[in-house]
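Notes follow once the structure below has been shown.
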Amino acid sequence: MMKHQQGIPREQLQMLSFDSMVSQENPVRFIDSFVEHLDLSKLKFQVQVQKQEGRPSFDSKVFLKIYLYGYLNGLRSSRRLEKECARNIELHWLLNSLAPNYHSICDFRKNNPEALRNTFKLFVSFLKESELISGTTIAIDGTKSRAHNSKKNNYNPKKIARHLQYIEEKTASYLDALEQHDQEESSIDIEQIQEKINRLASSKMHYEALSAQLESSGEPQVSTTDADARALLIHGQVVEVSYNMQAAVDDKHNLVVATHTINRNDRNALTDIAQEAKQNMGAETFTILVDKGYHNGRQLQQVSDANITTIVACPEVVNSNEKGTTKDYMVTQFVYNKESDTYTCPQGETLTTKGTWHEKKDGKKVQYRFKQYRTPACKTCPVQHLCTGKADGRREIQRSEFAEAVEANNKRYKENGALYRKRQEINEHIFGTIKRQWNYYYTNLKGLEKVNGEHSLIMLVYNIKRTINILGMPDLLERLKNWTPNYDKIARLRLIWTHYKPNYAFLFYTPTLAA
């Protein structure tokens, strides 16, 4: 009879060390070396100081190791991490058998969002010095991360108006029932109806307060659970209360060189993420590949002014007249002459401008300025029906102040089709890995600053895991050993972030601009 393999008796004493149980290729060895290599105070972590009285505190490096290990292995709940500290051999090795409680673990991530961003930036500088980043072609994209706020607790003026109308209608029906009871002495529960009316009055006060908050702040919407979360379009007509995680990815090894999280759609996000990538890499210039969701004249102009070359996909031109009939003469068929500041139509007529700048507004905010171009020849044009559907038979061309930047970008896009098609290969798989394989499709934290910290941690862990696969553990540890962190550079980047923060504050809570 065949015998099964026998294990070691549980009561048997053994002489062993945790080090012998952790292989030399185990990622925890890099986590340990990396964290021990850092000066957390220079990264702006809240460093625990030794106290003369009471129980000694944990070193802040212990918590950073816990979170790097946790996010590397799909664990980010502080309670689950507390359990792993007690039963996980790798964490016993990493933490020298220390086991903080979940509350301390949770507080570290919550209290150090800026430091986590700085750690990500510092690791990008390590990748740059290790020549793992080329810094020549960068693909930029964003993905939505579900916020800790339900759709039910997100309000806009229309939704508030619907609730208030419903309350008015129900209140009126209950008052009619009370009046009918007074006249006919019908058998209804007056106290129950009065209680419902009181509840409706309380709800009315709540929605009126939300309406006043929206009006005073100028916000398009408000969330009551997470004040910074916004209802964003995911795809098609699907809307979720979420955040928008931006990422700039280098084409050499598909490593993330810049990331930050916003609470608006991509339309006005290009300048900030491109500038951040430039600062993190210390690059003078590079080319960015971006999808059409980022196509915005103002943003293209700002990125061009920063000496960054854009290849942003052109959105489809909607070309219909006021009656909804498709026109044969599209705006792209009108040729602009820069020297004379005129347009030439397909029939050879010249459209001129008075030179007056008009403003395109969204509410009270100016989106962009434009000039208008017309020609009196439209009135007698034989193909007028193919060009315009206006009652006066006049075709009008509007030229934005950012038209040159848009035209230059569109030309590069058409001439570099093969290069642009690499965009998806560079950055799309990153979001697939994070959201589908690692299950990080939502955030555990509230507030834009804290969510930024968590997403920076996610991207840091992604870069670590990919770097281990590229170099292997021995080579990576050797490079880390010879690396001298440049904290002064991180401090400068932090000052630049502070400088651009007012721009974020302006864009976070405004409707989408369309230049």
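The values are calculated or read from the model by the stated rules, or taken from the named source; none is laboratory data. Computed from a prediction, not measured in an experiment: that's the story for all the values here. Neighbour counts are summed over all protein chains in view; Cβ atoms, including those assigned to glycine, are modelled from backbone coordinates with ideal geometry. Just so you know, the surface numbers come from the protein's heavy atoms only, side chains and all, with ligands and any DNA or RNA stripped out. Shrake-Rupley method; radii C 1.70, N 1.55, O 1.52, S 1.80 Å.
Annotations
- Table column - 3J(HN,Hα) (Hz), the range 292-298, Karplus curve with 6.51, -1.76, 1.60, x for Gly and Pro: 5, x, 9, 5, 8, x, 4
- Here the label points at LEU13 and LYS414, each 7 Å from Cα along the C-beta direction, are separated by 8.4 nm in the simple model.
- Within straight-line reach of LYS371, meaning a Cα separation under 16 Å, sit the following lysines at least 8 residues removed in sequence or on another chain: LYS338, LYS354, LYS360, LYS361.
- Across LYS65/LYS489; LYS446/LYS481; LYS44/LYS422, pairs whose alpha-carbon gap is larger than 32 Å: LYS446/LYS481; LYS44/LYS422
- Charge dipole (Cα centre; +1 on Lys/Arg Cβ, -1 on Asp/Glu Cβ; no other charges) of the chain amounts to roughly 1000 debye.
- Karplus-derived 3J(HN,Hα), 6.51/-1.76/1.60, for each residue of the range 138-144, Hz, glycine and proline x: 10, 9, 10, 7, x, 9, 8
- Using alpha-carbon coordinates, inclination of helix 190-217 to the longest axis of the chain, degrees: 80 degrees
- Over the range 84-194, accessible surface divided per residue gives 51 Å², non-protein components excluded, 1.4 Å probe.
- Burial ranking of peptide ranges 425-437, 398-410 (average Cβ count within 10 Å, highest at the top): 398-410, 425-437
- Of the options (i) 1.22; (ii) 1.27; (iii) 1.00, only one is Cα Rg over 2.2 N^0.38 Å as computed from these coordinates, and that is (ii).
- For ILE234, distant residues with modelled amide H under 5 Å away: VAL239, GLU240
- DSSP assigns beta bridges within the chain; of those with both partners inside it, close to 80 percent run antiparallel.
- Near TYR440, the amide H atoms lying under 5 Å from its own belong to LYS435; only residues 5 or more places off or on other chains count, and H is placed 1.01 Å from N.
- Antiparallel DSSP beta bridges within the range 205-331, percent to nearest 5: 75 percent
- Under a 5 Å amide H cut-off, with hydrogens placed 1.01 Å from N, ILE138 pairs with THR287, ILE288, LEU289 among residues at least 5 apart or on other chains.
- The heavy atoms of HIS92 offer some 40 square angstrom of accessible surface to a 1.4 angstrom probe.
- Ordering of 344-356, 131-143 by packing [mean C-beta count within 10 Å, highest first]: 131-143, 344-356
- Within the accessible area of the chain (1.4 Å probe), percent carbon and sulfur: 48 percent
- Radius 12 Å from Cβ of LEU116, net charge of other residues (Lys, Arg +1; Asp, Glu -1): +3
- Computed over protein heavy atoms with a 1.4 angstrom probe, the accessible surface ordering of LEU270, LEU13, largest first, is LEU13, LEU270.
- Considering only alpha-carbon pairs that sit under 8 angstrom and 6 or more positions apart, the relative contact order computed for the range 27-142 is 25 percent.
- Leading residue at positive end of dipole, the range 126-259 (Cβ point charges), from SER145, SER203, SER173: SER145
- Angle in degrees between helix 27-36 and the longest Cα principal axis of the chain, rounded to the nearest 10: 90 degrees
- Label-point gap, in nm, between ARG80 and LYS204 - each point 7 angstrom along Cα→Cβ: 4.7 nm
- Legend: calculated FRET efficiency, LYS360 to ARG421, from the Cβ-Cβ distance at R0 = 25 Å, rounded to 0.05, equals 0.15.
- Across the chain, the mean sequence separation of Cα contacts (distance under 8 Å, 6 or more residues apart), normalised by length, yields a relative contact order of 20 percent.
- Rolling a 1.4 Å probe across the protein heavy atoms gives the range 334-454 an accessible surface of 59 Å² per residue.
- Working note: Karplus 6.51/-1.76/1.60 with θ = phi - 60° gives the range 396-412 the couplings 10, 10, 10, 10, 6, 5, 9, 4, 5, 5, 5, 5, 5, 5, 4, 5, 4 Hz, where Gly and Pro are set to x.
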